[in-house]
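Below you'll find the structure, written out as structure tokens, and then a few comments.
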């Protein structure tokens with residue numbers, strides 16, 4: 001099980017990167033931020049290798065149990081973060097993203113690794129397309145969630161006029177708000193396409209586009225939340241604090257759709273039914 | 001060889017004395033030449049700013065050198081030594097190195113982290129190179145000081161937070177808007193601080209400015225100065241939704257802007273954030289405005305508070321900077337010490353070799369019937385004695401190269417064996433290109 005060994009090394013890299021990021025934010029030493037970034041890049045490369053190995057071993061996109069899903073989610077979040085990093089060069093964003101990825105990875109390592117069997121009924125090319133789109137959308141919204149938290153922290157300090165050390169590290173409100181908007185304008189289409197491809201796949205697997213299974217219902221609720229935010233942004237000028245709060249609420253909802261439904265409720269998306277009879 | 005520093009600064013000396021010992025930047029040649037003519041001084045330079053006057057030099061006799069520098073300062077400026085003496089400090093060796101590194105990194109400045117001092121030292125150094133009064137050691141020393149200052153600047157945030165009210169306003173605006181490019185400022189009323197802040201905003205990327213005043217002519221005049229646009233005082237609320245930053249300092253006895261008006265303005269500008277700076281006393285803007293989302297209102301006290309906490313932040317950063325200085329001192333000090341270790345060892349060897357040669361010649365001259373084999377034995381034995389004798393002293397000298405104090409031994413060996421240092425000529429021969 002080479003992928004499990006790689007997984008453990010990846011976890012170690014993420015752990016070290018998180019430690020360096022936190023050190024950077026607390027002491028504001030730039031070198032430590034640079035080290036953290038390289039550790040995260042190394043971790044991400046290893047993570048790619050882990051997933052590739054897993055794919056080869058189990059023979060399908062590795063998102064059929066909790067272990068795989070959390071790891072895949074962390075991978076997409078870090079990947080999306082690097083896209084933002086190219087544009088904004090924000091060490092401090094990494095300092096928030098990296099711990100989130102680490103928590104997901106720890107969760108993943110705590111869950112039994114499998115080997116999972118996929119329900120043959122679901123084996124189709126729609127499967128990787130659907131889950132990849134859905135996960136990418138989720139990851140983009142995770143970054144929006146983090147930018148939202150950073151926005152609220154920074155806004156709190158500017159309003160109350162009491163500045164902690166974090167103030168000097170956090171980017172401007174406008175930058176954070178523009179990250180929020182960028183996430184929304186990339187995440188929303190991804191999520192929409194994730195839902196549509198899911199419906200098409202469902203139709204080919206079960207002969208029906210929409211079955212109101214709990215996952216589908218919650219995804220729709222989340223979709224409406226983000227749709228409302230996008231609408232508000234474009235027409236009435238919702239921005240700043242309100243947009244940040246929306247991004248946070250949206251992500252909590254999304255997390256429930258992603259994890260809560262699979263773990264707490266039953267339906268076609270639960271890991272059990274994914275793994276076949 | 002030691003580096004020495006003699007000088008005075010704002011910390012030790014009132015301005016009445018400082019202004020009398022300042023060197024004119026247009027006439028540096030004469031004092032530099034006079035410094036170099038002092039018998040104990042090998043290299044020298046003069047740093048003279050409004051906050052400090054300092055002489056940096058290298059010498060073989062630190063005590064004597066410092067004394068001569070002190071006398072020079074008093075004589076050159078025609079001051080009684082007793083008048084100057086209590087204000088002067090002098091430092092040698094490691095302490096002198098630390099001092100210059102700290103000064104260059106702006107850790108000894110009145111406002112810690114202010115950037116001018118480095119430029120002033122660079123200018124002082126360029127005079128010294130122009131008149132060729134610095135050589136191998138001071139060249140290397142000053143370049144090191146510049147690189148330490150650069151490290152401090154890039155690795156700490158010692159200079160990154162504003163320590164004046166008007167700059168603090170610009171910095172807060174950056175925390176809200178990010179870049180100030182394309183932003184618009186409105187100046188309501190006039191006042192020195194307000195105009196200064198407006199100028200800072202313009203210098204930091206703000207693209208356009210609107211000016212209003214109860215006296216319209218005044219507004220027109222100011223607008224011309226900032227190449228902005230003047231607005232009638234009665235009309236300014238109509239333009240508020242077009243501006244991102246508002247600076248107010250009118251003499252109005254009551255608030256001229258309240259939450260109701262600002263709410264309307266926000267709606268007009270689709271909640272784009274606004275930064276209001278109220279410098280007036282009594283205040284111009286109702287503090288309740290700060291409760292509105294996307295509006296950030298700061299009055300004079302708030303800005304003062306920001307400046308205060310920035311100063312504290314600088315103190316914290318200064319601690320990191322001190323650690324960097326400590327690191328670099330060690331390195332440079334070692335280089336300086338080692339500068340003389342190798343030449344001393346070479347000189348010591350050749351001195352003993354010279355004695356051995358002399359004695360061998362004498363011996364062979366009186367002992368002509370020695371066979372070749374025996375001659376060689378005597379030569380080998382004398383060489384072995386010298387190597388054995390030198391083994392331990394050289395080990396001790398070399399150990400100094402790895403960090404522990406070796407300067408004392410270098411001096412001791414030089415005195416005990418009466419060595420002429422090759423390094424002395426090297427340093428006397430000034431080479432400003434190093």
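The values are calculated or read from the model by the stated rules, or taken from the named source; none is laboratory data. Note that this is a predicted model, so its numbers are computed, not measured. Heads up, the Cβs are rebuilt from the backbone with ideal geometry, glycines too, and the neighbour counts pull from every protein chain shown.
Condition first: touching a residue at least 60 places away in the same chain (Cβ under 8 Å), within 13 Å of chain B (Cβ to nearest Cβ) and surrounded by fewer than 17 Cβ atoms within 10 Å (Cβ to Cβ). Can you find one or more residues in the range A:93-106 that meet it?
For the range A:93-106, residues touching a residue at least 60 places away in the same chain (Cβ under 8 Å), within 13 Å of chain B (Cβ to nearest Cβ) and surrounded by fewer than 17 Cβ atoms within 10 Å (Cβ to Cβ): absent.
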Worksheet entry | Pairs, first over 11 Å from residue A:95 (Cβ atoms) in the range A:14-25, second crowded, with 17+ Cβ neighbours inside 10 Å, C-beta under 7 Å, six or more apart | A:14/A:43; A:14/A:98; A:14/A:101; A:14/A:102; A:14/A:105; A:15/A:102; A:16/A:39
Fill in: Failed condition for residue A:210, given (1) touching a helix residue (DSSP H, G or I) at 6+ places or on another chain (Cβ under 9 Å); (2) more than 23 Å from residue A:99 (Cβ to Cβ); (3) outside any loop (DSSP other than H, G, I, E, B)
(3)
Response to the item:
Across the range B:147-180, the tally of residues that are farther than 19 Å from residue B:112 by Cβ and within 11 Å of chain A (Cβ to nearest Cβ) stands at 9
Worksheet item: Restricting attention to the range B:263-317, which residues are out of contact with any strand residue (DSSP E or B) (no Cβ under 6 Å at 6 or more places or on another chain), facing chain A (nearest Cβ under 8 Å), assigned to a helix (DSSP H, G or I) and without any contact (Cβ under 8 Å) to a residue 60 or more places away in the chain?
Response: B:302, B:305, B:309
Worksheet, complete the sentence: Screening B:100, B:112 for residues that are touching a helix residue (DSSP H, G or I) at 6+ places or on another chain (Cβ under 7 Å) and not in a helix (DSSP H, G or I) leaves only B:112
Worksheet entry | Residue among A:48, A:20 that alone is touching a helix residue (DSSP H, G or I) at 6+ places or on another chain (Cβ under 7 Å) and either within 14 Å of chain B (Cβ to nearest Cβ) or more than 18 Å from residue A:127 (Cα to Cα) (or both) | A:20
Practice prompt. Among the residues of the range A:156-166, write down those that are facing another protein chain (nearest Cβ under 9 Å) and closer than 19 Å to residue B:299 by Cβ.
Written response: A:157, A:158, A:159, A:161, A:162, A:163
Item to complete: List every residue pair whose Cβ atoms sit under 7 Å apart, with the two residues 6 or more apart in sequence or on different chains, where the first one lies in the range B:318-334 and is within 14 Å of chain A (Cβ to nearest Cβ) and buried (at least 17 other Cβ atoms within 10 Å of the Cβ) and the second, anywhere, is part of a helix (DSSP H, G or I) and modelled with pLDDT under 90.
Response: B:324/B:155
